[in-house]
Amino acid sequence: MKAVLPALARPLLEAKLPSDLDVAWWSSPAEAKAMIGDADIAWVDMQPTKLTEDTLRAAGDGLKWVSTIYAGLDAFPLDVLRARGATLTNGVGINAIAVAEYAVLGVLAGAKRLDEVIRAHDRAEWLRDAPGKIELADTKAIVIGYGAIGKLIGDRLAAFGVEVTGVTRSGSNGTLTPDAWRVCLGDYDWVVLAAPSTSETKAMIGAAELAAMKPGAWLINIARGDMIDDDALLATLNAGTIGGAFLDPTNPEPLPADHPLWKAPNCMITMHLSGRSQTKMFQRAAAMFLRNLEAFRAGRAMENVADLDRGY
Ligand SMILES: NC(=O)c1ccc[n+]([C@@H]2O[C@H](COP(=O)([O-])OP(=O)(O)OC[C@H]3O[C@@H](n4cnc5c(N)ncnc54)[C@H](O)[C@@H]3O)[C@@H](O)[C@H]2O)c1
Ligand SMILES: O=C(O)[C@H](O)CO
């Protein structure tokens, strides 16, 4: 059995891999492309390097399991994997703590207007009054996408006294369904996006949703940039009808230097940094890969198997 694995993960994996596994370590997509043809298993990324669709297309019919550290699968050629009959295991949970903490950072930064304070700091200007005066206690948040990350966001906001409503695809465990949140959007002070980018969620926040938000409410996106209609968001920010937006991912990435969102009023952009956490994240990814390898070889169910049709 042959596995094509990222050289960056070698220090975490090598001593723990079974001796009868034939391993090829790749350092670049080009190297992986040359190695993947007869592989049974491929780990296709270890940030910041990831394999391209082109590399995965070079895989043979023997490819049966693809592992990724990413939670979001929107950039993956799911059709290629489906055609290969391969199982894809994702990184849901690997960096959920780090990402959830960024969402809380967004809520706190919006409440206290940390952006305005830092700008005054950079001007060496002593502000006499707080630019942001919102206390989180007794405010309301809706977290659209209440999975690994969404639940952690909910727990953390609840500790600040925020009343949290979650939205899931199924509406299970007291959450709202995807068709139920729009009608009550105006009830919330914080609208947090933590769902996968799929055909159902792309541009889910457009002009109508932004208009329905409570005046002064903040939009926090730690999911994917394409879930927001940027033209509608720009118009809304320029009109000042919502408090502002805290955007971790954008569309596209990197956001071009001349993109109007950089200069839009009340908008903070954190360059998709939220998931770039400490080495703990890589340790979790390696540990999960090893557990899944054992399960794969024994023909048992693996963890974090993605639904290629659903897209997450
Ligand atoms: N900014 C980052 O660095 C970063 C890091 C990790 C994940 N992400 C993004 O966050 C997403 C969520 O990650 P996760 O680990 O919590 O995934 P998850 O699979 O654990 O949870 C996804 C949640 O979204 C819900 N959902 C699915 N479709 C929906 C819809 N149409 N409307 C409302 N809710 C819907 C699901 O029911 C589930 O509760 C990922 O798909 C990824 O795109 C971003
Ligand atoms: O999907 C993910 O895991 C993140 O976006 C990576 O930073």
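Of all residues being surrounded by 15 or more Cβ atoms within 10 Å (Cβ to Cβ), among the small types (Gly, Ala, Ser) and away from ligand 2 (no atom under 16 Å from the Cβ) in segment 88-125, which is farthest from the chain's Cα centre (by Cα)? Just the residue, please.
Among residues in segment 88-125 that are surrounded by 15 or more Cβ atoms within 10 Å (Cβ to Cβ), among the small types (Gly, Ala, Ser) and away from ligand 2 (no atom under 16 Å from the Cβ), the one farthest from the chain's Cα centre (by Cα) is Ala111.
Only one of (1) free of Cβ contacts under 8 Å to residues at least 60 places away in the same chain; (2) more than 8 Å from ligand 1 (Cβ to nearest atom); (3) not small (Gly, Ala, Ser) fails for Trp218. Which number is that?
Among (1) free of Cβ contacts under 8 Å to residues at least 60 places away in the same chain; (2) more than 8 Å from ligand 1 (Cβ to nearest atom); (3) not small (Gly, Ala, Ser), the lone unmet condition for Trp218 is (1).
Enumerate the pairs (first residue in segment 145-172 and closer than 17 Å to Ala98 by Cβ; second residue anywhere and more than 8 Å from ligand 1 (Cβ to nearest atom) and among the acidic types (Asp, Glu)) with beta-carbon separation below 8 Å, excluding pairs fewer than 6 apart on the same chain, so at least 6 apart or on different chains.
That search, which allows pairs on different chains as well, returns Arg156/Glu101.
For Ser197, only one of the following conditions fails: (1) within 16 Å of ligand 1 (Cβ to nearest atom); (2) in contact (Cβ under 8 Å) with a residue 40 or more places away in the chain; (3) crowded, with 18+ Cβ neighbours inside 10 Å; (4) more than 30 Å from Asp40 (Cβ to Cβ). What is its number?
Condition (4) is where Ser197 drops out.
Restricting attention to segment 217-238, does a residue exist that is closer than 24 Å to Ala75 by Cα and of a type in the set (Ser, Thr, Tyr)?
No.
Do you know which residues across segment 79-97 are outside any helix (DSSP H, G or I) and under 17 Å from Ser197 (Cβ atoms)?
Quick first cut of segment 79-97, residues outside any helix (DSSP H, G or I) only: 85-95.
Selection gives Leu88, Asn90, Gly91, Val92, Asn95.
Out of (1) within 13 Å of ligand 1 (Cβ to nearest atom); (2) part of a loop (DSSP other than H, G, I, E, B); (3) at pLDDT 90 or above, the odd one out for Phe76 is which?
Failing condition for Phe76: (3).
Among Ala100, Ala158, which is in a helix (DSSP H, G or I) and in contact with a Lys or Arg (Cβ under 8 Å, 6 or more places away or on another chain)?
Numbers: Ala158 fails: in contact with a Lys or Arg (Cβ under 8 Å, 6 or more places away or on another chain).
Among Ala100, Ala158, only Ala100 is in a helix (DSSP H, G or I) and in contact with a Lys or Arg (Cβ under 8 Å, 6 or more places away or on another chain).
Have a look at Ile205, Ile142 and point out the one that is in contact with a Cys (Cβ under 9 Å, 6 or more places away or on another chain) and either without any contact (Cβ under 8 Å) to a residue 60 or more places away in the chain or assigned by TED's automatic domain parsing to the domain that holds Tyr70 (or both).
Ile142
Given the residues Gly275, Gly244, which is the only one that is farther than 18 Å from Ala98 by Cα, surrounded by 12 or more Cβ atoms within 10 Å (Cβ to Cβ) and in contact (Cβ under 8 Å) with a residue 12 or more places away in the chain?
The unique qualifying residue is Gly244.
Can we say Asp229 is of a type in the set (Asp, Glu), buried (at least 19 other Cβ atoms within 10 Å of the Cβ), closer than 24 Å to Thr201 by Cβ and under 17 Å from the mean Cα position of the chain (by Cα)?
Considered against the rule, which asks whether it is of a type in the set (Asp, Glu), buried (at least 19 other Cβ atoms within 10 Å of the Cβ), closer than 24 Å to Thr201 by Cβ and under 17 Å from the mean Cα position of the chain (by Cα), Asp229 comes out as no.
Would you pick out the residues in segment 241-260 that are part of a loop (DSSP other than H, G, I, E, B) and within 16 Å of ligand 1 (Cβ to nearest atom)?
Across segment 241-260, the qualifying residues are Asp248, Pro249, Thr250, Asn251, Pro252, Glu253, Pro254, Leu255.
State whether one or more residues within segment 89-109 are modelled with pLDDT of 90 or more and farther than 27 Å from Lys280 by Cβ.
Taking every residue of segment 89-109 in turn, none turns out to be modelled with pLDDT of 90 or more and farther than 27 Å from Lys280 by Cβ.
Determine whether Asp179 is of a type in the set (Asp, Glu) and either closer than 21 Å to Ala232 by Cα or more than 18 Å from the chain's Cα centre (by Cα) (or both).
Yes: the conditions hold for Asp179.
Select from segment 45-61 the residues that are buried (at least 16 other Cβ atoms within 10 Å of the Cβ) and modelled with pLDDT of 90 or more and write down the one among them that is nearest to ligand 1 (Cβ to nearest atom).
Residue satisfying both the conditions and the ranking: Ala59.
If you go through segment 128-157 one residue at a time, how many are surrounded by fewer than 13 Cβ atoms within 10 Å (Cβ to Cβ) and of a type in the set (A, V, I, L, M, F, W, C)?
2
Could you count how many residues in segment 261-300 are small (Gly, Ala, Ser), in contact with a strand residue (DSSP E or B) (Cβ under 9 Å, 6 or more places away or on another chain) and within 16 Å of ligand 1 (Cβ to nearest atom)?
The number of residues fulfilling the criteria is 1.
The values are calculated or read from the model by the stated rules, or taken from the named source; none is laboratory data. Keep in mind it's a predicted model, so treat the numbers as computed, not measured. Because the Cβ atoms are built from the backbone with ideal geometry, glycine has one as well, and the counts that use them run over all protein chains shown.
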